[in-house]
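Working notes, structure below.
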Amino acid sequence: VQLQASGGGLVQAGGSLRLSCAASGTILSIDIMGWYRQAPGKERELVAAITSEGSTDYADSVKGRFTISRDNGKNTFYLQIDSLKPEDTGNYYCNASIGPWAYWGQGTLVTVSS
């Protein structure tokens, strides 16, 4: 599975972005799809995940502002980010887990100005 992330950019605090992660094949075989964030000087952290059944989970720091979703027809999953804060700045990576294997997309940079 190859993943292609896109949608990052420079936005002002309070703004919104939608990140996309396009898979090379069907996403129906993916057990868990996730978005990770790596802020400057910090470790990569999971911010949102969605299972093949549609169950979602979020890091406490993003609950109520981030929404993960999937479009099986387009083999793409998304991260809608609202009410952006400067601390949301970082590289966002999409991830797909199939059994014991994990696949990563390249990062897409989100920069939030205050």
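Read-outs: derived from the displayed coordinates by stated rules, not from any lab. Note that the structure is a prediction, hence the values are computed from the model and not measured. Cβ: placed from backbone, ideal geometry, glycine included. Neighbour counts: every protein chain shown.
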In whole Hz, the Karplus estimates of ³J(HN,Hα) for segment 63-74 (6.51, -1.76, 1.60; θ = phi - 60°; x where Gly or Pro) are 4, x, 10, 9, 9, 9, 8, 9, 10, 4, x, 9
Contact order relative to length for segment 56-95, counting C-alpha pairs under 8 Å separated by 6 or more residues, stands in percent at 29
Subtracting the Cα-Cα distance of S6 and R44 from 0.36 nm times their residue separation yields 11.9 nm
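To the nearest 20 debye, what is the magnitude of the charge dipole of segment 15-69 about its Cα centre, counting +1 on the Cβ of each Lys and Arg and -1 on the Cβ of each Asp and Glu? Write down the numbers at each step before the final one.
Details: 6 positive and 6 negative charges, 61 e Å.
Value, rounded to 20: 300 debye.
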For V47, other-chain or 5+-apart residues with amide H closer than 5 Å (H placed, Pro excluded) are W35, Y36, R37
Expressed as a whole-number percentage, the relative contact order of the chain with C-alpha contacts under 8 angstrom and at least six residues apart is 37
With R₀ set to 25 angstrom, the calculated FRET efficiency between the beta-carbons of S83 and S52, to the nearest 0.05, is 0.30
Partner lysines whose C-alpha sits under 18 Å from that of K85, ignoring same-chain residues fewer than 8 away, are K42, K63
Along segment 44-57, Karplus-curve 3J(HN,Hα) (6.51, -1.76, 1.60; θ = phi - 60°) to the nearest Hz, with x for Gly and Pro, reads 5, 10, 6, 10, 7, 8, 9, 8, 5, 8, x, 6, 10, 8
Sorted on mean Cβ neighbours within 10 Å (highest first), peptides 6-15, 42-51, 75-84 come out as 75-84, 42-51, 6-15
